[in-house]
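The values are calculated or read from the model by the stated rules, or taken from the named source; none is laboratory data. Values in this document were obtained by computation on a predicted structure and should not be read as measured data. Don't worry about glycine lacking a Cβ; one is built from the backbone with ideal geometry, like all the others, and counts go over all protein chains shown. Note: areas computed on protein heavy atoms with side chains; ligands, DNA, RNA excluded. Shrake-Rupley method; radii C 1.70, N 1.55, O 1.52, S 1.80 Å.
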Amino acid sequence: MPHPSRWLKPLPQGLWCEPGGFFVDPTRPVDRAVITHAHSDHARPGHRAVLASGATLALMQARLGAGACAACQPLGWGEPLRVGEVELMLQPAGHVLGSAQVVMTHGNTRAVVSGDYKRAPDPTCAGFVVVPCDVFVTEATFALPVFRHPPAEAEIGRLLASVALFPERTHVVGCYSLGKCQRLIALLRAAGWDRPIYLHGALAPMCRVYEQQGVRLGDLRPATVAARAELIGGIVLAPPSAVADRWARRLAEPVVCMASGWMRVRQRARQGGVELPLVISDHADWDELNATVDDVGAPEVWVTHGREEALIHAVGKRGVKGQALGLVGYGDEDDAEAPA
Ligand SMILES: [Zn+2]
Ligand SMILES: [Zn+2]
């Protein structure tokens, strides 16, 4: 049976599954796309037909409107679907709500495209499922030994300790609008924070879709209409671009926080004027990337984007053949992009 390198090919539009006649996360408009998740670098507008998880389709429609796709087809977790000469299946990737790994079986060979993923538990999305395969296509955003994410719960504990220590100030946390924002809210709720959480307007639409999809986020209020005094001692979430901006300076003595895997690098935090860096990432860290390669047992790993060299070197020492796909166009959103 043909090896996946014969039927799954990196083209300028993205990864092309020839026997299925579709692209995975294409960066240009195509006839048939399978989308791993709704971050804008993976879910682009203008495809004719899109297959994805139901939650991903809902998030795409909220972001892209009618331009999301002409024909949308949802596929449930673990449901096999025959597409051309390929058996297609989606399994959770644990990255954000709806995020999927694309499992393709052709003949008796199987390739899995992870999309973006993490292994740490996340109360807002289904956890990563290990799928044994012949070729594992992985991201490598944080593929350097320096990147080790602490438990997110401990970082939330640091945030709440700071809120308790500075009751006269307003904590404003920079976070991406899809995924990180809702995970922070859910983690705060799990840690017992039942007061209102205030949102910059850019974060509200994605929170609404999460709620519609059954993820409870509690009492959320717009930060823009709240009185300055109401926000004292409170927690405000805002996009990374807004926290260092005039927008945040109108708050009462703001404590600027940022939730990102990049906060592991002190220099980045200092450059961004971040007073309280929180190392919370929705991408696998170095240990998770390596453990996942071992768990899926693939003799061959292809790396889509990120720091491919270190990962390829590390898996090579364990007898796994690594290859950089050199796909361009990924990393425009979420942690793949360093905060400004
Ligand atoms: Zn992503
Ligand atoms: Zn990405």
Roughly how large, in nm² to one decimal, is the mean projection of the convex hull of the alpha-carbon atoms in segment 163-221? 4.1
Just subtract the alpha-carbon distance of residue 323 and residue 164 from 0.36 nm times their residue separation and send over the number in nm, one decimal. 52.4 nm
Kindly list the residues of segment 77-109 that lie in the label zone of residue 62, defined by a backbone N under 15 Å from the point 7 Å along the Cα-to-C-beta vector. 96-99
7 Å from Cα along Cα→Cβ at both residue 295 and residue 268: what's the point-to-point distance in nm? 2.2
Work out, step by step, the length gained on full extension between residue 1 and residue 313: first 0.36 nm times the residue separation, then minus their alpha carbon distance; give nm to one decimal. 109.5 nm
Only Lys, Arg, Asp and Glu count, each charged at its Cβ (+1, +1, -1, -1), so figure out the dipole size of segment 237-340 about its Cα centre, rounded to 20 debye. 480
Spacing of the two label points (7 Å from each Cα toward its C-beta) at residue 229 and residue 31, in nm: 6.5
Leading residue at positive end of dipole, the chain (Cβ point charges), from 301, 13, 184: 184
Counting all C-alpha pairs of the chain, share separated by more than 37 Å (%): 18
Treating only the Cβ of Lys, Arg, Asp and Glu as charged (+1, +1, -1, -1), what charge dipole size does segment 1-91 show about its Cα centre? Round to the nearest 20 debye. 220
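Over the Cα atoms of segment 16-122, what is the Rg over Rh ratio if Rh follows Kirkwood? Before the final figure, lay out the partial values.
Values: Rg = 12.8 Å, Rh = 13.6 Å.
Using Cα coordinates only, the ratio equals 0.94.
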How tilted is helix 286-296 with respect to the longest principal axis of the chain? Cα atoms for both, answer in degrees (0 to 90, nearest 10). 30
Report, in deg cm²/dmol and to the nearest 500, the calculated mean residue ellipticity at 222 nm for the chain, where each DSSP H run with n ≥ 4 adds -39500 (n - 2.57) and the sum is divided by the residue count. -6500 deg cm²/dmol
Give the residues of segment 12-51 whose amide nitrogen is closer than 17 Å to a point set 7 Å from the Cα of residue 129 in the direction of its Cβ. 35-37
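Please list, by residue number, every one of the trypsin sites (Lys or Arg not before Pro) in segment 249-328 that is coil in DSSP and has at most 13 other beta-carbon atoms within 10 Å. Don't jump to the answer; show the numbers that get you there.
Values: sites: 249, 250, 264, 266, 268, 270, 307, 317, 318, 321; in loops: 250, 307, 317, 318.
Within segment 249-328, the qualifying trypsin sites (Lys or Arg not before Pro) (loop, at most 13 other Cβ atoms within 10 Å) are 250, 317, 318.
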Take peptides 139-152, 271-284, 170-183 and line them up by average Cβ neighbours within 10 Å, highest first, as a rough protection proxy. 170-183, 271-284, 139-152
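What number comes out for accessible area per residue over the chain if the probe is 1.4 Å? Units Å², please. If you can, show how the numbers build up before the last one.
Working: 13240 Å² over 340 residues.
Averaged over the residues of the chain, the accessible area is 39 Å².
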Multiplying the sequence separation of residue 154 and residue 249 by 0.36 nm and subtracting their Cα-Cα distance, what value in nm do you get? 31.5 nm
Within straight-line cross-link reach of residue 9, lysines at Cα separation under 29 Å, skipping those fewer than 8 residues along the same chain: 118, 317, 321
